[in-house]
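To start, the structure itself, in structure tokens.
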Amino acid sequence: MWRHAGQLWRVARPWGRSGGWAAASAAPVGAGWGWGLGLTDAVPVHWAEGGLQALQAATGLPWWGSIVCASVALRTALTLPLAAHQGVVVAKLENLRPEIENLAKHLRYEVAVFGKQQGWSEKVSRFHFKKNLRRIISELYVRDNCHPFKVSLLMWVQIPVWFCVSIALRNYSVGAVDSEVQEQFCSGGILWFTDLTVPDSTWILPVALGLLNLLIVEIFSFRNHELSRFQKLATILGRGMCVVMIPIAATVPSSMALYWLSSSFMGLLHNLLLLSPTFRQLCHIPKTKSCSDTPYRDIVSAFYARRFLK
């Protein structure tokens, strides 16, 4: 990847063609769910309502079964392919890191040599180094089609879908859309939550949701033997959100808590599936240094080492 001076970097031009200065670099109880009320009549929410009703009519399942099927279908058909694509991008970014470090090393040398020839100060040399390094990294992202923004694509799809389905279930539970469906919800549950329109008074669904989400967060932390500062903060924040979700889930209709629980369960299964070397190969996810041939055994070993060998 070595290029001679003048090819790897460029000097910033302080004046544009126009002569001006150009910068060288440039979650309710029934109808009282406040933020849900503003989205009740949103078009995507109506799409979610129609989809839920169509699924229930097509399967003939009771509403609790239709809600579980909806979460399985959405997670498998929509978010799993996006998660696999996210895995491809993350792997490419990881594999790019050594190349970027090597180019940065050569760039620093070239800028230092040229800077001495031009009599640049340390501040000016640092400015040109950072500007050209950003350009080089952007070119590598384009070359490998792995811009970091693509990593967030899953979030931009999954969260709105989750909100829309949640609000659709809330609308059905309080009779804001169809009173007939609300009546079906009243007897459409199972086990201890037979009435899907009221919160789970036993707190079994909320606590199960919190524990399941906590398990997902912990598996993420166990996958990385050495967490960066950002990853440590994200793990702490994730744990806090798991705790906060418990009282929230205890105040919403059981239909919503059931959807959240089944969606998180599918998320856990998909996260484990994406660790499988065979599945990663099927999804054409590039192999990286951090990949393991025994990911599940490594997670168990990391859990044991962190909890019992401190």
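Can you tell me the FRET efficiency between LYS123 and ILE100 if r is taken as the Cβ-Cβ distance and R0 is 30 Å, rounded to the nearest 0.05?
Working from the Cβ atoms, E equals 0.80.
Summing Lys, Arg as +1 and Asp, Glu as -1, what charge do residues with Cβ under 15 Å from the Cβ of LYS92 carry, LYS92 excluded?
Details: positive: ARG97, ARG143, LYS150, ARG280, LYS287, LYS289; negative: GLU94, GLU99, GLU139, ASP144.
That works out to +2.
When the convex hull of the Cα atoms of the range 145-264 is projected onto a plane and the area is averaged over all directions, what value comes out in nm²?
Values: hull surface 36.5 nm².
Average projection, Cα convex hull of the range 145-264: 9.1 nm².
Once label points are set 7 Å from the Cα along Cα→Cβ at both HIS147 and SER290, what is their separation, rounded to one decimal in nm?
If labels sit at HIS147 and SER290, their model points lie 2.2 nm apart.
Could you work out the mean projected area of the convex hull around the alpha carbons of the range 38-184, in square nanometres to one decimal?
Working: hull surface 51.0 nm².
Across all orientations, the range 38-184 yields a mean hull projection of 12.8 nm².
Per residue of the range 277-290, what does 6.51 cos²θ - 1.76 cosθ + 1.60 with θ = phi - 60° give for ³J(HN,Hα)? Whole Hz please, x for Gly and Pro, Karplus curve as stated.
Rounded to whole hertz, the list is x, 5, 5, 4, 5, 5, 8, 6, 7, x, 6, 10, 5, 7.
Relative to the compact-globule scaling 2.2 N^0.38 Å, provide the ratio for the alpha-carbon radius of gyration of the range 100-144.
1.21
Where in the range 158-180 is the amide nitrogen less than 16 Å from a point lying 7 Å along the Cα-to-Cβ axis of HIS270?
Only 158-166 pass the distance filter.
Given R₀ = 25 Å, what would the calculated FRET efficiency be for GLU180 paired with TRP47, taking r from the Cβ atoms and rounding to 0.05?
0.80
For a Förster distance of 41 Å, can you work out the FRET efficiency between the beta-carbons of TYR304 and PHE114, rounded to the nearest 0.05?
0.15
Quick one: pull the percent of accessible area on the range 211-303 belonging to carbon and sulfur, 1.4 Å probe, ligands and nucleic acids left out.
68
At 1.4 Å probe size, with every protein chain present, just tell me what the per residue accessible area of the range 105-187 comes to in Å².
On a per-residue basis, 58 Å².
Cross-link list LYS150/LYS232; LYS116/LYS289; LYS123/LYS289; LYS232/LYS287: which exceed 29 angstrom alpha carbon to alpha carbon?
Result: LYS116/LYS289; LYS123/LYS289 exceed 29 Å.
Quick one: plug the Kirkwood hydrodynamic radius of the range 46-89 (C-alpha pairs) into Stokes-Einstein at 20 °C, 1.002 mPa s, and report D in µm²/s.
Answer from the Stokes-Einstein relation: 188 µm²/s.
The values are calculated or read from the model by the stated rules, or taken from the named source; none is laboratory data. Quick caveat: nothing in here was measured; it's all calculated off a predicted structure. When we count neighbours, we look across all protein chains shown, and the Cβ atoms used for this are built from the backbone with ideal geometry, even at glycine. Remember, those area values only see protein heavy atoms, side chains included, never the ligands or the DNA or RNA. Shrake-Rupley method; radii C 1.70, N 1.55, O 1.52, S 1.80 Å.
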